[in-house]
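Quick notes on the structure that follows.
The values are calculated or read from the model by the stated rules, or taken from the named source; none is laboratory data. Predicted model only: the values in this text are computed from it and were never measured. Heads up, the Cβs are rebuilt from the backbone with ideal geometry, glycines too, and the neighbour counts pull from every protein chain shown. In case anyone asks, the SASA skips ligands and DNA or RNA and just uses the protein heavy atoms, side chains included. Shrake-Rupley method; radii C 1.70, N 1.55, O 1.52, S 1.80 Å.
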Amino acid sequence: MSITKTNTRMMEGFETGTWTAGITVGSGSVTLDNSYKTGLYQKIGNVVFINLHLRASAVSSPSGFVEITGLPFSTPNDFNYRFSLGCCTHFGMTNMDASDVIMPHISSNADYISIFTQNGDNITSSIGNRFTATSEIYITGSYMV
């Protein structure tokens, strides 16, 4: 997996660029489509705004946790720096319907996004088995560094 960060414009306290996402699952694998794993970021001061459209191209018995890797900046090693990202649209996920919500989360001291699902009062982090070779996820949000 290659993780890159390319700065396209920098001014004092302001930076924009792209980042290359990867995906890690508890076991098995999910391969990302090369055309759908480049995210955009904008850093203003200590706040990073991200936008990402991921598309799987192949799966091999994925299960367990799911992490989207390669964020352009890590969060500090402080429990005050944990963030739930905004709306996360999904398509092509197995055993998910309109009442299932994907919840992206960034922990403290992390440069990856953990993916959870919520349905009513139930939250689970074991969603790797829901990925198919046509799954797509859109993630937009911000976090502090």
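From the list Ser57, Ser61, the lone residue that is part of a strand (DSSP E or B), exposed (fewer than 15 other Cβ atoms within 10 Å of the Cβ) and at pLDDT 95 or above is Ser61. The one condition from (1) closer than 20 Å to Thr18 by Cβ; (2) polar (S, T, N, Q); (3) open to solvent by less than 70 Å² (accessible area, probe 1.4 Å) that Gln118 does not meet is (1). Could you tell me which residue of region 96-114 is farthest from Phe79 (Cα to Cα), considering only residues that are free of Cβ contacts under 8 Å to residues at least 40 places away in the same chain and part of a strand (DSSP E or B)? Restricting to residues being free of Cβ contacts under 8 Å to residues at least 40 places away in the same chain and part of a strand (DSSP E or B), the top hit is Val101.
Sub-8 Å Cβ pairs linking a first residue in region 77-93 that is within 17 Å of Ser108 (Cα to Cα) to a second residue that is among the small types (Gly, Ala, Ser) and in a loop (DSSP other than H, G, I, E, B), at least 6 apart or interchain, are Asn77/Ser108; Asp78/Ser108; Phe79/Ser108; Asn80/Ser108; Tyr81/Ser108; Arg82/Ser107; Arg82/Ser108, ordered by first then second residue. Search region 121-132 for residues being open to solvent by less than 50 Å² (accessible area, probe 1.4 Å) and part of a loop (DSSP other than H, G, I, E, B), and hand back the single one that is farthest from Ile50 (Cα to Cα). Among residues in region 121-132 that are open to solvent by less than 50 Å² (accessible area, probe 1.4 Å) and part of a loop (DSSP other than H, G, I, E, B), the one farthest from Ile50 (Cα to Cα) is Thr132.
Are any of the residues in region 26-34 of a type in the set (Ser, Thr, Tyr), within 19 Å of Thr134 (Cβ to Cβ) and either over 13 Å from the mean Cα position of the chain (by Cα) or surrounded by 18 or more Cβ atoms within 10 Å (Cβ to Cβ) (or both)? Taking every residue of region 26-34 in turn, at least one turns out to be of a type in the set (Ser, Thr, Tyr), within 19 Å of Thr134 (Cβ to Cβ) and either over 13 Å from the mean Cα position of the chain (by Cα) or surrounded by 18 or more Cβ atoms within 10 Å (Cβ to Cβ) (or both).
All of Ser61, Ser57, Ser107, Ser126 fail the test of being within 13 Å of Tyr143 (Cβ to Cβ) and hydroxyl-bearing (Ser, Thr, Tyr), apart from Ser107. Filtering region 69-84 to residues that are hydrophobic (A, V, I, L, M, F, W, C) and open to solvent by 60 Å² or more (accessible area, probe 1.4 Å) leaves only Phe79.
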